[in-house]
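The values are calculated or read from the model by the stated rules, or taken from the named source; none is laboratory data. Note that the structure is a prediction, hence the values are computed from the model and not measured. Cβ placement follows ideal geometry from the backbone for every residue including glycine, while neighbour counts extend to all protein chains displayed.
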Amino acid sequence: MDAIRVRGARQLKGTIRVGGAKNAALPILCATLLSDGESLLRNVPGLRDIETTAALLRVLGRDVTVSIPEVRVHGPKGTVVPEAPYELVRQMRASVLVLGPLVARYGRAKVSLPGGCQIGARPVDQHLLGLEALGAKITVEHGYILAEAPRLRGAEVAFDLPTVTGTENLMMAASLAKGRTTLVNCAREPEVEELGRVLNKMGARVEGAGTSIIHIHGADELEPFDHAIIADRIEAGTFMAAVGAAGGDILLEHAPLDDLEPVIVKLRRVGVGVEREGEHARVQRLGPLNSADVTTAPHPGFPTDMQAQFMAMMCVAGGRAVMTETVFENRFMHVPELGRMGAHIQTHNNTAVIDGVPRLSGASVMATDLRASASLVIAGLVAEGETIVRRVYHLDRGYEAIEKKLAGAGADVTRVQLESEPA
């Protein structure tokens, strides 16, 4: 079984390239279901979730060629059966993003409910209420969502709370609906804005993507597209936190600074310099780390996907930091593992209090989810001795060859094979 071995106490120096954004690539891959012909996605990261989405598209009749950093989607081939089976959907919650395109394009869809999630329940009720508002008949039977509509019709949909995948699913569905759709209280993440750009390339008229109100004028049919995916803001933020924890001076190539402003404000406050250099960013630890409090929030707030990495940095900062998680109810599972490395963290409900320590100690630790695994790698970079991060299949869902990128910047990080998981 794969694991990551980190031998710490080395500063990071050199250049790290930021890859394409997974959370932008996944909905855009699903958008290929809206058209025929060949679509080309460029700057795609080589991740497990990309392969899972490609497999799902193949089940749905597409011919998908994955040649990272490019993915070509041809289709459809033959008769399309618009059904997404549990065997694939259970591997990745974002698979529910095929629901909107399928019912909009083929008049019906059968998509497995994605089930629970390690970091908390992420229900799809907002997706279903929105599709019903567009005229779909929705039933849930035997663990599957069944949606039917001869043709969706534009309507006004107000989300009860901002939902990234819910906003994206409704944007794609509305792109083939008759008339105009208005989505209110939308998620404002950069990845939502990116999907809007692609839908416009395909022939829909999407206005306001990246704001709380989005208008979509549906088209009778949509065209294939050629598009380069934006850089991954969370990967960039993770490397920034790594420099903050371990120290050093890194040039981050293609770092999307505008999309990372809430994180950069906090980094500068704790003593990490982040400065633009053309299309890139210079990241430096300027001195001893200070502590700072963080409260996660939907974009443009501090992203929940950066909470664990920032916490790892705060474990070796001076003073006390308070981190409040408002997005997911079960996102402190990395805390006991950081504690095994000598971190002083107390949690109560959705709040964690971190008292910084001079140093951490290497240990064998277990990744519980994608961002938790990144936080353990960061902790390993600053720990004395050797850290073994197990269950790195979580890490591989969102970071392409992170061990090679860090090793290229002077870290002692390698992927190793373990005989088995500990009991």
remark   = Within the stretch 144-166, of all residues that are within 21 Å of GLU191 (Cβ to Cβ) and not aliphatic (A, V, I, L, M), the one surrounded by the most Cβ atoms within 10 Å (Cβ to Cβ) is GLY166
message = Going through VAL44, VAL64 one at a time, which residue ends up being part of a strand (DSSP E or B) and buried (at least 18 other Cβ atoms within 10 Å of the Cβ)?
response = VAL64
message = Would you confirm whether or not the stretch 357-366 contains a residue that is without any contact (Cβ under 8 Å) to a residue 40 or more places away in the chain and at positive phi?
response = no
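For the stretch 398-415, state whether one or more residues are on the phi > 0 side of the Ramachandran plot, in contact with a strand residue (DSSP E or B) (Cβ under 8 Å, 6 or more places away or on another chain) and in contact (Cβ under 8 Å) with a residue 24 or more places away in the chain.
Here is the first cut: in the stretch 398-415, the ones on the phi > 0 side of the Ramachandran plot are 401, 410.
Within this subset, residues satisfying the condition of being in contact with a strand residue (DSSP E or B) (Cβ under 8 Å, 6 or more places away or on another chain) are 410.
If we keep only those that are in contact (Cβ under 8 Å) with a residue 24 or more places away in the chain too, we end up with 410.
The answer is yes; a qualifying residue exists.
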request  = Kindly indicate the residue of the stretch 95-107 that is small (Gly, Ala, Ser) and outside any loop (DSSP other than H, G, I, E, B) and also modelled with the lowest pLDDT among those meeting that condition.
outcome  = SER95
request  = Select from the stretch 154-168 the residues that are under 18 Å from HIS217 (Cβ atoms) and either among the polar types (S, T, N, Q) or touching a Leu at 6+ places or on another chain (Cβ under 6 Å) (or both) and list them in ascending order.
outcome  = ALA155, VAL157, THR167, GLU168
task = Taking the options LYS77, LYS110, LYS137, name whichever one is of a type in the set (D, E, K, R), over 25 Å from GLU194 (Cα atoms) and at pLDDT 95 or above.
result = LYS137
key: Qualifying positions in the stretch 276-293 - in a loop (DSSP other than H, G, I, E, B) and either surrounded by 14 or more Cβ atoms within 10 Å (Cβ to Cβ) or touching a residue at least 60 places away in the same chain (Cβ under 8 Å) (or both)   = LEU289, SER291, ALA292, ASP293
note = Matching residues in the stretch 144-183 (out of contact with any Asp or Glu (no Cβ under 7 Å at 6 or more places or on another chain) and not in a loop (DSSP other than H, G, I, E, B)) number 23
ask   = When residues of the stretch 306-331 are filtered for being in contact with a strand residue (DSSP E or B) (Cβ under 9 Å, 6 or more places away or on another chain) and closer than 22 Å to THR163 by Cβ, how many remain?
value = 8
query = Counting just the residues of the stretch 121-143 that are in a strand (DSSP E or B) and free of Cβ contacts under 8 Å to residues at least 24 places away in the same chain, which one comes out surrounded by the most Cβ atoms within 10 Å (Cβ to Cβ)?
reply = ILE138
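Suppose the filter is out of contact with any Cys (no Cβ under 8 Å at 6 or more places or on another chain), assigned by TED's automatic domain parsing to the domain that holds GLU194 and within 21 Å of GLY196 (Cα to Cα); does SER35 pass it? Reasoning before the result, please.
Values: out of contact with any Cys (no Cβ under 8 Å at 6 or more places or on another chain): yes; assigned by TED's automatic domain parsing to the domain that holds GLU194: yes; within 21 Å of GLY196 (Cα to Cα): yes.
So SER35 passes the test.
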ask   = Inside the stretch 338-356, can you point out the residues that are touching a residue at least 40 places away in the same chain (Cβ under 8 Å) and under 23 Å from MET1 (Cα atoms)?
value = LEU338, MET341
